[in-house]
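FYI, it's all coordinate maths here, none of it is from the lab. These numbers come from a predicted model, not from an experiment. Virtual Cβ from ideal backbone geometry, glycine too; neighbours counted across all protein chains shown.
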Amino acid sequence: MPRSKYSPEFRAMVSQEYIDGEGSVHFLADKYGIGYTTLRGWINEYRIHGISAFCHKTNRTYSKEFKIKCVEAVRNKEGTVDDIIARYGISSRSILRRWIMEYNANRELKDYNPKQGVYMAEARRKTTFEERKEIVSYCISHSRNYKDAAIKYDVSYSQVYSWVKKYDAAGEAGLTDKRGHHKTDGEVDELERLKRENLRLKRQLEERDMAVELLKKVKEFERM
């Protein structure tokens with residue numbers, strides 16, 4: 001069930017039951033139909049912040065220094081991923097995991113300021129062919145998170161979605177500025193159609209391999 005369906009009072013009540021020894025995490029998760037990982041996160045937050053941990057949260061601003069501080073807290077074994085999320089009020093596990101992966105890959109952790117206009121068409125800006133290739137590559141390698149890619153590269157959500165869709169259909173050739181004149185599979189000869197199909201299958205295999213590697217890394221972080 002989506003987290004939004006649970007009220008702050010309910011989350012606090014279940015967390016308190018665990019603290020009072022009325023059941024294990026698994027027992028209470030089964031009793032109330034809650035995911036084990038979800039309940040464990042509630043308990044960690046409740047221990048530190050009380051019921052206020054579950055009150056409505058607006059989009060947060062994460063500075064570069066803050067991200068590094070959280071990542072190093074995990075690396076220095078100051079607590080588990082869930083402990084660090086609760087202690088520093090990070091909005092989700094996936095966010096901290098992404099910071100850890102970027103840190104371990106020696107990528108720069110940048111300041112993050114939420115942009116409410118990321119979905120708006122007015123946010124468009126001109127991009128080069130090389131920029132579009134980089135944006136598409138980033139989006140695909142990050143589980144097709146169009147919003148994250150739009151924020152990172154200061155473009156609109158619709159632009160990222162459109163470029164990825166064109167890349168899926170025609171590879172890098174789809175990212176050139178043809179102003180809508182790209183031919184569909186039904187408009188090209190058999191050889192070109194087979195080339196496109198081969199390219200699509202190749203990308204699917206590459207994405208599957210990336211997903212397997214990402215899953216391995218996530219499991220490693222969960223054991224930290």
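Taking the Cα-to-Cβ direction at Thr128 and at Asn104 and moving 7 Å from each Cα, how far apart do the two end points lie in nm?
Going from the Thr128 label point to the Asn104 one covers 3.3 nm.
First check a/c for the stretch 3-54, with a ≥ b ≥ c the square roots of the eigenvalues of its C-alpha gyration tensor; if it is under 1.5, answer rounded, and if not, answer prolate when a/b is larger than b/c or oblate otherwise.
oblate
Which order do the peptides 32-41, 148-157 take when ranked by the mean count of other beta-carbon atoms within 10 Å per residue, highest first?
Ranked by mean Cβ neighbours within 10 Å, highest first: 148-157, 32-41.
Report the label-to-label distance for Lys31 and Lys147 in nanometres (one decimal), using points 7 Å from each Cα along the Cα→Cβ vector.
3.3
Could you give the nm distance between label points at Ser94 and Lys165, where each point is 7 Å from its Cα heading toward the beta carbon?
Taking the simple label geometry, Ser94 and Lys165 are separated by 2.1 nm.
Could you give the length gained by full extension between Glu192 and Gln16, i.e. 0.36 nm per residue of separation minus their alpha carbon distance, to one decimal place? Walk me through the numbers on the way to the answer.
Values: separation 176, 0.36 × 176 = 63.36 nm, distance 6.29 nm.
My answer for the length gained is 57.1 nm.
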